[in-house]
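Comments concern the structure below.
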Amino acid sequence: MDFASLQDFIFSERPYESEIHGLEHWRQVEFNGLLLAPETGADITVVRLFSLFHDSKRFEDGHDAEHGPRGAEFAKWCLENKLLELDNERFEKLYHACANHTRESSSGDATIDTCYDADRLDLGRVAIPPDPRKMATEAGKKIARRLSAAGISVFHHREWIRNFRF
């Protein structure tokens with residue numbers, strides 16, 4: 001799968017141009033997921049794809065309750081149109097994570113929960129510090145606790161996370 005080409009296609013198909021939920025956020029979610037995955041045992045392919053699809057069909061930056069399910073349906077469309085190659089088990093995880101990332105605190109599945117935490121760890125971009133109690137994985141909780149203890153501005157969370165080591 002050509003991840004860069006898929007990213008370009010998904011980005012070109014977004015209905016709303018967003019600074020808050022755009023490419024920089026998608027890349028940070030991917031980074032966060034790749035940081036968490038070795039600790040959680042998550043499927044890296046699903047985590048990377050989640051970073052692209054989860055906010056890809058937002059209509060606005062504010063409350064958009066259906067953006068996750070729309071992103072999941074867009075992933076399904078991409079699969080059906082051969083733009084995405086994924087077996088059924090992995091696709092179901094991707095679909096579930098996209099559809100429910102704002103509706104469910106945890107799923108009990110390491111891959112899906114890693115996707116949730118990868119997104120939540122980037123809340124500093126909207127001035128919300130990640131809450132360890134709202135993380136779905138132990139690794140996510142650990143990062144959120146250390147981030148809180150570091151006492152840095154929410155607007156510097158990305159830089160701090162990029163230098164984090166378990």
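The values are calculated or read from the model by the stated rules, or taken from the named source; none is laboratory data. It should be emphasised that the depicted structure is a prediction, and the values quoted were computed from it without experimental measurement. Note that each Cβ is placed from the backbone with ideal geometry, even for glycine, and that neighbours are counted across all protein chains shown. To get the accessible areas, we keep the full protein, side chains included, count just its heavy atoms, and leave off ligands, DNA and RNA. Shrake-Rupley method; radii C 1.70, N 1.55, O 1.52, S 1.80 Å.
Taking Rg/Rh (Cα atoms, Kirkwood Rh) straight from the coordinates, which label in [x] 1.01; [y] 1.20; [z] 0.94 is the correct one?
Among [x] 1.01; [y] 1.20; [z] 0.94, the one calculated here is [z].
Accessible area of region 58-104 with a 1.4 Å probe: how many percent of it is carbon plus sulfur?
Of the solvent-accessible surface of region 58-104, carbon and sulfur hold 47 percent.
Suppose accessible area is computed on protein heavy atoms with a 1.4 Å probe; arrange LEU84, LEU123, LEU35 from highest to lowest.
Largest accessible area first, the residues go LEU123, LEU35, LEU84.
Over 28 Å between Cα atoms, which of LYS76/LYS142; LYS93/LYS142; LYS57/LYS134; LYS57/LYS142; LYS93/LYS134 qualify?
LYS76/LYS142; LYS57/LYS142
With axes computed from alpha carbons, what is the tilt in degrees of helix 23-40 against the longest principal axis of the chain, rounded to the nearest 10 within 0 to 90?
The helix 23-40 is inclined about 70 degrees to the chain.
Along the charge dipole of the chain, pointing to its positive end and built from +1/-1 on Cβ of Lys, Arg, Asp and Glu, which listed residue (GLY22, LEU6, PHE59) has its Cα farthest out?
Positive-end residue among those listed: GLY22.
Compute the helix-to-body angle for 67-80: its Cα long axis versus the longest principal axis of the chain, expressed 0 to 90° and rounded to tens.
Orientation of helix 67-80: about 40 degrees from the principal axis.
Could you tell me the convex hull volume per residue, in Å³, taken over the Cα atoms of region 30-104?
91
Round to the nearest 10 and report in Å² the accessible area of THR45, as given by a 1.4 Å probe over the protein chains' heavy atoms.
Solvent-accessible area, nearest 10 Å²: 40 Å².
In degrees from 0 to 90, rounded to the nearest 10, what is the angle of the helix 3-12 Cα long axis to the longest principal axis of the chain?
Taking Cα atoms only, the helix is inclined about 80 degrees.
Given DSSP loops and a limit of at most 14 other Cβ atoms within 10 Å, what is the longest stretch of the chain that contains no such GluC sites (Glu not before Pro)?
With GluC sites (Glu not before Pro) excluded where exposed in loops, the chain gives 86-166 as its longest stretch.
Compactness ratio of region 14-62: Cα Rg over 2.2 N^0.38 Å, N = residue count?
1.21
For the chain, with only Lys/Arg (+1) and Asp/Glu (-1) charged at the beta-carbon, what is the dipole magnitude about the Cα centre, in debye rounded to 20?
My answer is approximately 680 debye.
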